1. For the range 73-89, what are the residues that are touching a helix residue (DSSP H, G or I) at 6+ places or on another chain (Cβ under 7 Å) and hydrophobic (A, V, I, L, M, F, W, C)?
2. If we scan the range 47-54, do we find a residue that is more than 11 Å from the chain's Cα centre (by Cα) and under 16 Å from Y84 (Cα atoms)?
3. So, in the range 38-51, exactly how many residues are free of Cβ contacts under 8 Å to residues at least 24 places away in the same chain and either of a type in the set (D, E, K, R) or surrounded by 12 or more Cβ atoms within 10 Å (Cβ to Cβ) (or both)?
4. For the range 26-77, enumerate the residues that are β-branched (V, I, T), more than 30 Å from T9 (Cβ to Cβ) and assigned to a loop (DSSP other than H, G, I, E, B).
5. Looking only at the range 52-71, decide whether some residue is surrounded by 14 or more Cβ atoms within 10 Å (Cβ to Cβ) and modelled with pLDDT under 90.
6. Note down all Cβ pairs under 8 Å where the first residue falls in the range 78-89 and is part of a loop (DSSP other than H, G, I, E, B), the second is among the aliphatic types (A, V, I, L, M), and they're at least six residues apart or on different chains.
Amino acid sequence: MARFRYAMTLAKLRRFIRERRGQGEGANYRPWLMVSDVPSRGRSWRVACDKTGRRTMHFLSDHEYVAFLEAWWDESVTDIREQYPLNLF
């Protein structure tokens with residue numbers, strides 16, 4: 001069982017929207033969740049990437065990081081956006 005719980009409150013949602021998280025592209029993209037937002041005892045990654053204009057990428061697990069590496073090596077990929085929010089409405 002997880003030691004900490006992460007809950008999305010209405011206040012956090014409003015703040016993330018105000019900060020324009022999950023929007024933009026390239027160096028101007030800001031991920032919806034950042035490593036510092038989620039309490040974790042596991043491994044997380046922050047990596048600078050040439051394909052995103054040297055923007056710091058935020059990965060919350062090793063699996064996300066490995067998926068990023070696959071996209072990074074693919075020459076047809078021009079932009080990578082991690083922690084992208086899905087529209088559920």
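1. V77, I80
2. Yes, that holds for at least one residue.
3. 6
4. To start, the set of residues in the range 26-77 that are β-branched (V, I, T) comprises 35, 38, 47, 52, 56, 66, 77.
Still in the list and also more than 30 Å from T9 (Cβ to Cβ): 66, 77.
Once the filter is applied, which keeps residues that are β-branched (V, I, T), more than 30 Å from T9 (Cβ to Cβ) and assigned to a loop (DSSP other than H, G, I, E, B), the range 26-77 yields only V77.
5. yes
6. Cβ pairs passing all conditions: I80/M57; I80/A71; E82/M57; Q83/L33; Q83/M34; Q83/L60.
The values are calculated or read from the model by the stated rules, or taken from the named source; none is laboratory data. Small disclaimer: the values here were computed from a predicted structure and weren't measured. So basically every Cβ, Gly included, is an ideal-geometry build from the backbone, and we count neighbours across all protein chains shown.
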